[in-house]
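Comments concern the structure below.
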Amino acid sequence: MGISQFACRLLQKTPRKPVINSFQHFRTTCLHSLTTLSQTITEDLTRNQKPFRGYPFFELLFSRTVSSKPTHDNAEQTQASVQNQNISNNPDAKTDRTAQDAENICKTLYINSSNDSVESFLDNIHVEMSATLVVEVLKKLSNSGVLALSFFRWAEKQKGFKHTTESYDALIEALGKIKQFKKIWNLVDEMKLKRLLTKNTFALISRRYARAKKAKEAIETFRKMRKFGLKAEVSDFNRLLDTLCKSKFATIAQQVFDEMSEKRFKPDIKSYTILLEGWGQEKNLLKLKEVYREMKDEGIEPDVVTYGIMINAHCKARKYDEAFALFDEMEANNCKPSPHIFCTLIIGLGSAKRLNEALEVFRRSKACGFEPEVPTYNALVGAYCWSMQLDNAYKVVDEMRECGVGPNSRTYDIILHHLIKDKRTEEAFSVFQRMSREPGCEPTVSTYEIMVRMFCNVERLDMAIQIWDQMKAKGVLPGMHMFSTLINSLCMEDKLDDACKYFQEMMDMGIRPPAQLYSNLKQALLDEGREDMVQTLYERIEKLRKTSLVG
């Protein structure tokens, strides 16, 4: 029986009145008959008949799910073809597939990180390399520069694949975290040859230098752009200032501002706003007000972003009356407050346990016509948490779900932080399990770090390792601080074999152990008379320190 006849019989057997009420039954019948349909698809096609001819609904359904020119001869292959076409036509399916492939690759790399070469293991992962997939993997490997470099070099050997500016930048970010700056500049030379260099690459390198407390090198990187044929503009100048300020180099940023604004760049409102934020982060309200006056003297009037930064600075310094005075000044100047400013006030007042005022600001934001966004709701959750009104915090989370604006992993991280601070370990673990099951709230490396630290602090290393293993199974890679927390706890519990295992795992990932961590482990080993292991670890550290990454 061909598909057309089969569909006709289905229609005859399906109640037609009322049509809408019978649709669910009709749909169920079709689903149950899917196997039969798959088996008969090929029959009509073999006889060169158009599938479902004469039945427009089925013709439309078929045309959306099956290629009109299948290249396979059996039902199983046809079904695979349908699945692949659905993925290629569905952006969400593509995204899900890319995320899954990236997770599988990271798991493989992580499990086999101790091997000298991971290429043979990667060869067993049969996925098609794409620019999107490679960037996704490299971002997931941002805490492991060694594995990121291995994957990067393996990917470029795959047939038909070529690296993009984005993949180079993602690798540079990972290598910058382990301070492999010589290797980074080799990559810059490669990018120049391939004409992939952009000013964003130099901004990334400057930021990694600044994070490594190398402000001089960060500034020199900015100057090097000209050598590579890239002309710096005021927007690039602002990015340098922002990099320095965010790394707590406000004084140096001010010096750069004073020098370059006289010779090369005319500062704009963003230049001044970045400096204001830098001084605000350092809670230096004297310099903050000085820059603010200078900006106004130059004829630059503050905008909503400027006011937001000024208000945030005063909240951080717990000068709430001055913060509200700035808020009033902003409104008097017909500058409409943004949701971010309301969020800033809620966070500040909440952390000071001025809950009623925080709630009033939240109500005021809604009165201004703003629909609450995830950051605003998260600020409200935090305000309740600071006052240890966890029941109300959970109600806000429920409201977020109802409104379709969250929650996200940050929402739960806020709650976890306060539960742990209040030593409510069991409840924190319950919240962690809940977020692990909730779509869009998957734990991040920050979440895992919170949970591992919690269990280490209450001497439940079995649970800390369970969380660690769950993290690894998800392809999430730990950072230096997380390794340090676990290893130090293992030393305190005299679980030295496990401590050494994770210490070596950290080095396998290319993370250089902090001096204090090595000192703690070394002393614990010496107390147990294990000088041989101390020597082994010392040699591994020296090798990591002296060996430049290859590739």
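Observations
- Restricting the search to helices (runs of 4 or more DSSP H) fully inside the range 189-248 and requiring at least 1 residues that are within 18 Å of Lys263 (Cα to Cα) and of a type outside the set (Phe, Trp, Tyr) gives 215-224, 234-246.
- For Tyr320: the one exception among (1) within 19 Å of Gly382 (Cβ to Cβ); (2) modelled with pLDDT of 95 or more: (2)
- Residue pairs whose Cβ atoms lie under 7 Å apart, separated by 6 or more positions or on different chains, with the first residue in the range 422-441 and of a type in the set (Gly, Ala, Ser) and the second part of a helix (DSSP H, G or I), are Ala428/Leu416; Ala428/Leu419; Ala428/Ile420; Ala428/Met454.
- Note on the range 149-180: residues that are at pLDDT 95 or above, crowded, with 20+ Cβ neighbours inside 10 Å and β-branched (Val, Ile, Thr) amount to 1.
- Among the residues making up the range 447-467, a single one is surrounded by fewer than 16 Cβ atoms within 10 Å (Cβ to Cβ) and either touching an Asp or Glu at 6+ places or on another chain (Cβ under 8 Å) or assigned by the TED database to the domain that holds Asp494 (or both): Glu459.
- Qualifying residue in the range 93-101 (condition: in contact with an Asp or Glu (Cβ under 9 Å, 6 or more places away or on another chain), under 17 Å from Lys472 (Cα atoms), modelled with pLDDT of 75 or more and assigned to a helix (DSSP H, G or I)): yes
- Subset of the range 314-324 that is closer than 21 Å to Gly278 by Cα and not basic (Lys, Arg) - its residue that is nearest to the chain's Cα centre (by Cα): Cys315
- When the range 129-148 is filtered for residues that are surrounded by fewer than 20 Cβ atoms within 10 Å (Cβ to Cβ) and either of a type outside the set (A, V, I, L, M, F, W, C) or outside the structural domain of Met191 (by the TED database) (or both), the ones remaining, listed by number, are Ser130, Thr132, Lys139, Ser142.
- Counting residues in the range 390-406 that are surrounded by 17 or more Cβ atoms within 10 Å (Cβ to Cβ), out of contact with any strand residue (DSSP E or B) (no Cβ under 7 Å at 6 or more places or on another chain) and not in a helix (DSSP H, G or I) gives one or more.
- Some residue of the range 498-519 being open to solvent by 40 Å² or more (accessible area, probe 1.4 Å), out of contact with any Leu (no Cβ under 8 Å at 6 or more places or on another chain) and on the phi > 0 side of the Ramachandran plot: no
- Filtered by the rule that a residue be more than 13 Å from Leu276 (Cα to Cα), among the polar types (S, T, N, Q), open to solvent by less than 40 Å² (accessible area, probe 1.4 Å) and more than 29 Å from the chain's Cα centre (by Cα), the range 220-262 gives a lone residue, Ser261.
- Among the residues making up the range 287-345, those that are polar (S, T, N, Q) and either in contact with a helix residue (DSSP H, G or I) (Cβ under 7 Å, 6 or more places away or on another chain) or within 24 Å of Gln254 (Cβ to Cβ) (or both) are Thr306, Asn312, Ser338, Thr344.
- Filtering the range 262-277 to residues that are assigned to a loop (DSSP other than H, G, I, E, B) and among the hydrophobic types (A, V, I, L, M, F, W, C) leaves only Phe265.
- Some residue of the range 350-367 being at pLDDT below 95, over 25 Å from Ala317 (Cα atoms) and either open to solvent by 20 Å² or more (accessible area, probe 1.4 Å) or under 24 Å from the mean Cα position of the chain (by Cα) (or both): yes
- Any hit, the range 67-79, residues being open to solvent by 60 Å² or more (accessible area, probe 1.4 Å) and modelled with pLDDT of 75 or more: no
The values are calculated or read from the model by the stated rules, or taken from the named source; none is laboratory data. Here the structure is a predicted model, which is why all the values come from computation and not from measurement. Virtual Cβ from ideal backbone geometry, glycine too; neighbours counted across all protein chains shown. Just the protein is used for accessible areas: all its heavy atoms, side chains included, with ligands, DNA and RNA removed. Shrake-Rupley method; radii C 1.70, N 1.55, O 1.52, S 1.80 Å.
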